[in-house]
Structures are given as structure tokens and as C-alpha cells.
Amino acid sequence: MIPREEALYYLVREMGGLGIRAGEKHFEAALEHVRQDGLAGLRNIEIEALVEAAMLRNREKELDEAVEEGTAGEQLSLGVE
């Protein structure tokens with residue numbers, strides 16, 4: 001799997017118009033990291049880039065599901081149901 005930092009780097013570049021569109025592999029890798037860890041540790045600009053990339057690809061629902069999946073573990077560890 002592509003490292004989280006690399007995937008988000010390309011998504012942020014895409015959002016800022018600083019290069020060619022990020023590859024699907026970068027978006028997929030970012031989603032996989034969100035499924036595993038939620039949004040923990042992400043900077044605001046990285047979250048914005050992820051949301052914009054999802055919107056550009058018409059995959060907002062998939063991003064929502066990944067966030068829910070990634071935060072489910074956090075909620076359990078905090079005792080939130």
C-alpha cells in the first residue's frame with residue numbers, strides 16, 4: 001500500500017492545481033488509511049484535499065463510509081456507542 005503521506009501529498013497537489021491529477025491509486029490508498037485510522041493525525045488541508053478528490057470523482061459516499069469505518073474503533077475505545 002502507498003504510504004499515507006505520499007497519497008495525501010498528491011491529493012493536496014491536485015487540489016492546489018500544482019500538478020497533474022492524482023492517480024486513482026493515491027485516492028484509493030488515502031481511503032484505505034481512513035478506513036483503518038479514521039481522520040486521526042490528518043491536517044485540515046489534507047482533509048480538504050480528500051473531500052475535494054472524492055467530490056471530483058463522485059465518490060463522496062465511499063469517503064463517508066470510510067470515515068465511519070475508521071472512527072468506529074475510536075468510538076468503541078472511548079466508550080461511545
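The values are calculated or read from the model by the stated rules, or taken from the named source; none is laboratory data. These numbers come from a predicted model, not from an experiment. All Cβ positions, glycine included, derive from the backbone under ideal geometry; neighbour counts span all protein chains shown.
Out of the range 5-33, which residues are out of contact with any helix residue (DSSP H, G or I) (no Cβ under 6 Å at 6 or more places or on another chain) and either basic (Lys, Arg) or not in a helix (DSSP H, G or I) (or both)? Answer for the range 5-33, where residues must be out of contact with any helix residue (DSSP H, G or I) (no Cβ under 6 Å at 6 or more places or on another chain) and either basic (Lys, Arg) or not in a helix (DSSP H, G or I) (or both): ARG13, GLY16, GLY17, LEU18, ILE20, GLY23, LYS25. Annotation: MET55 fulfils all but one of (1) more than 14 Å from TYR10 (Cα to Cα); (2) aliphatic (A, V, I, L, M); (3) in contact with a helix residue (DSSP H, G or I) (Cβ under 7 Å, 6 or more places away or on another chain); the unmet one is (3). Being closer than 17 Å to THR71 by Cα and at pLDDT 95 or above is true of ARG43. Filtered by the rule that a residue be surrounded by 11 or more Cβ atoms within 10 Å (Cβ to Cβ) and of a type in the set (Asp, Glu), the range 1-13 gives a lone residue, GLU6.
Residue count for the range 14-28 satisfying the condition of being surrounded by 21 or more Cβ atoms within 10 Å (Cβ to Cβ) and over 8 Å from the mean Cα position of the chain (by Cα): 1.
When GLY38 is tested against the conditions (1) modelled with pLDDT of 95 or more; (2) surrounded by 14 or more Cβ atoms within 10 Å (Cβ to Cβ), the lone failure is (1).
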